[in-house]
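Notes follow the structure.
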Amino acid sequence: MTHLGEWANLLLRWIHLIAGIGWIGSSFYFIWLDRALSAPVRPRPGVEGELWMVHSGGFYQVEKRRIGPGDLPAVLHWFKWEALLTWISGIALLVLIYYLGDAYLLDPSVSRIGRGTATALGVGLLVIGWIVYDTLWRSRLADHPGVTTAISLVLLAAATIALCRLLSGRAAYMHVGALLGTVMVANVWMRILPAQREMIAATAAGRQPDFTLGERAKRRSVHNSYMTLPVLFIMLSNHYPATYASPFNWLILLLLIVAGAAARHLMIGNARTALWAAAPAAVALGAVVVLSAPPPPRARPDALAPRFADVRAVIDRRCLPCHSAYPTDSAFGRTPPPAGVAFDTPEAVQRLADRIRVRAVETQTMPLANKTGMTPEERELLGRWVSAGAPLR
């Protein structure tokens with residue numbers, strides 16, 4: 001089953017990536033298109049804006065039309081399945097890696113809840129998060145978007161801080177991403193598509209469509225575009241423990257959400273206001289670099305380089321259960337070692353010394369959730385060995 005689980009993980013990630021490319025590409029294209037359209041050179045009935053483009057050796061003319069009764073075209077293309085498939089594959093990965101696996105959901109050093117409670121918390125957050133967001137943006141407060149946006153960001157910050165206190169840093173990041181992704185796909189299927197269907201039904205029945213429905217749906221589409229780049233970072237975050245393993249992991253994630261939203265505005269925002277977004281993006285990223293920096297090593301000028309035999313003993317006790325060609329840890333049995341990292345020979349340990357320093361000494365994200373109980377003294381010993389040049393004597 002472990003071997004099949006590895007393949008399920010790979011295929012789900014591939015599907016998630018492919019579907020996400022389709023969804024994000026179409027979403028960003030249409031947001032950009034609305035900003036790029038200009039009044040038609042030759043006014044035509046029903047045409048609100050047009051744009052000429054060149055791509056792959058061909059010229060394309062795009063028109064934005066306001067249709068009326070009886071104007072419904074015979075063929076109408078929808079953009080919806082990419083969103084649903086992205087969400088389904090993402091939730092499947094969340095279940096497979098965090099709820100069915102026993103390695104990533106909790107961190108004994110910070111978590112004070114059990115697996116069942118953590119799973120219920122994660123699932124409940126997705127449902128309640130959407131209800132709160134949707135209720136807020138359907139209330140009268142939505143007429144004051146600045147206020148409603150501020151409330152939304154405060155609630156997101158509170159959820160982020162709580163998750164980073166209750167789950168492992170890596171799991172907390174993924175659940176924030178799952179929350180944003182759930183809001184995005186629910187926006188598409190529960191608010192944007194019904195508004196479009198209602199407008200189409202009115203046109204097909206010979207009635208004038210209510211275009212305010214389209215304006216409200218467009219607001220949700222704009223929301224989705226601002227959430228997209230933060231979600232993309234979260235999808236990649238498990239490769240960068242300096243972010244999720246930091247004591248300031250919650251603040252780092254919130255700053256990266258700000259940077260991602262600002263980058264979106266810079267990419268496809270109104271040309272007259274987009275450039276201002278570069279400043280908060282730069283400030284947020286600079287703060288992240290500072291906050292994620294590892295603490296300086298404690299000076300030990302009188303300390304001699306440890307013997308490799310002592311280093312080998314720590315590696316054997318704390319690392320080999322997972323990082324071996326023949327893992328003994330039940331979470332990785334009968335599979336290749338995580339990330340292909342194995343410490344079976346002295347030469348392999350020496351070759352991977354820099355990774356040992358980063359993961360076991362600086363970020364302290366290995367052993368995973370410290371499940372083998374590596375002590376601070378052992379981490380210091382490994383750090384001194386690497387600083388001395390990782391000798392095999």
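The values are calculated or read from the model by the stated rules, or taken from the named source; none is laboratory data. Since we're looking at a predicted model, the values are computed, not measured. Positions of Cβ are generated from backbone atoms using ideal geometry, with glycine treated the same way; all protein chains shown enter the neighbour counts. Areas reflect the complete protein model, heavy atoms only, side chains present, ligands, DNA and RNA absent. Shrake-Rupley method; radii C 1.70, N 1.55, O 1.52, S 1.80 Å.
For the criterion of being among the charged types (D, E, K, R), open to solvent by 10 Å² or more (accessible area, probe 1.4 Å) and in a helix (DSSP H, G or I), Arg207 fails. Please go through (1) surrounded by fewer than 18 Cβ atoms within 10 Å (Cβ to Cβ); (2) touching a residue at least 12 places away in the same chain (Cβ under 8 Å); (3) in a loop (DSSP other than H, G, I, E, B) for Val75 and return the number of the only condition it doesn't satisfy. It fails just one condition, (2).
Residues that are open to solvent by less than 30 Å² (accessible area, probe 1.4 Å) and in contact with a Phe, Trp or Tyr (Cβ under 7 Å, 6 or more places away or on another chain) within the stretch 369-393 comprise just one, Pro391.
Each residue in the stretch 110-131 was checked for being closer than 13 Å to Leu155 by Cα and surrounded by fewer than 16 Cβ atoms within 10 Å (Cβ to Cβ), and 2 of them qualify. Here Trp250 meets each of (1) at pLDDT below 90; (2) within 19 Å of Met174 (Cβ to Cβ) with one exception, condition (1). When Leu4 is tested against the conditions (1) exposed (fewer than 14 other Cβ atoms within 10 Å of the Cβ); (2) among the hydrophobic types (A, V, I, L, M, F, W, C); (3) under 25 Å from Trp78 (Cα atoms); (4) at pLDDT below 85, the lone failure is (3). In summary, Thr243 fulfils each of the numbered conditions (1) open to solvent by less than 40 Å² (accessible area, probe 1.4 Å); (2) within 24 Å of Tyr29 (Cα to Cα); (3) under 15 Å from the mean Cα position of the chain (by Cα) with the single exception of condition (2). Annotation note: of Gly46, Gly22, Gly70, the sole residue that is within 17 Å of the chain's Cα centre (by Cα) and not aromatic (Phe, Trp, Tyr) is Gly22. Within the stretch 85-100, identify whether any single residue is over 17 Å from the mean Cα position of the chain (by Cα) and of a type outside the set (Lys, Arg), and answer yes or no. Checked against the condition, which is being over 17 Å from the mean Cα position of the chain (by Cα) and of a type outside the set (Lys, Arg), the stretch 85-100 yields at least one hit. When you check Pro297 against the structure, is it out of contact with any strand residue (DSSP E or B) (no Cβ under 9 Å at 6 or more places or on another chain), closer than 23 Å to Trp385 by Cα and at pLDDT below 85, yes or no? Against the criterion (out of contact with any strand residue (DSSP E or B) (no Cβ under 9 Å at 6 or more places or on another chain), closer than 23 Å to Trp385 by Cα and at pLDDT below 85), Pro297 qualifies. Among the conditions (1) open to solvent by less than 20 Å² (accessible area, probe 1.4 Å); (2) part of a helix (DSSP H, G or I), Gly68 misses just one, which is (2). Answer yes or no: is there a residue in the stretch 102-109 that is without any contact (Cβ under 8 Å) to a residue 60 or more places away in the chain and at negative phi. For the stretch 102-109, residues without any contact (Cβ under 8 Å) to a residue 60 or more places away in the chain and at negative phi: absent. Pairs linking a residue in the stretch 5-30 that is more than 12 Å from Gly90 (Cβ to Cβ) and of a type in the set (A, V, I, L, M, F, W, C) to a residue that is in a helix (DSSP H, G or I) and open to solvent by 30 Å² or more (accessible area, probe 1.4 Å), with Cβ atoms under 8 Å and 6 or more positions apart or on different chains, are Ala8/Leu96; Ile24/Leu232; Phe28/Met267; Phe30/Ser221. Evaluated against (1) on the phi > 0 side of the Ramachandran plot; (2) open to solvent by less than 30 Å² (accessible area, probe 1.4 Å), Ala339 falls short on exactly one condition, (2).
Within the stretch 353-388, if we keep just the residues that are part of a helix (DSSP H, G or I) and closer than 15 Å to Arg170 by Cα, the residue that is modelled with the highest pLDDT turns out to be Arg359. Just to be sure I understand, how many residues within the stretch 271-294 are touching a Lys or Arg at 6+ places or on another chain (Cβ under 8 Å) and at pLDDT 90 or above? Going through the stretch 271-294 one residue at a time, the tally reaches 0.
Contact map, the stretch 85-96: first residue open to solvent by less than 20 Å² (accessible area, probe 1.4 Å), second residue among the aromatic types (Phe, Trp, Tyr), Cβ cut-off under 7 Å, separation 6 or more or different chains; pairs are Thr86/Trp23. The set of residues from the stretch 7-28 being open to solvent by 80 Å² or more (accessible area, probe 1.4 Å) and either in contact with a helix residue (DSSP H, G or I) (Cβ under 6 Å, 6 or more places away or on another chain) or of a type outside the set (Val, Ile, Thr) (or both) comprises Trp7, Leu10, Leu11, Arg13, Trp14, Leu17.
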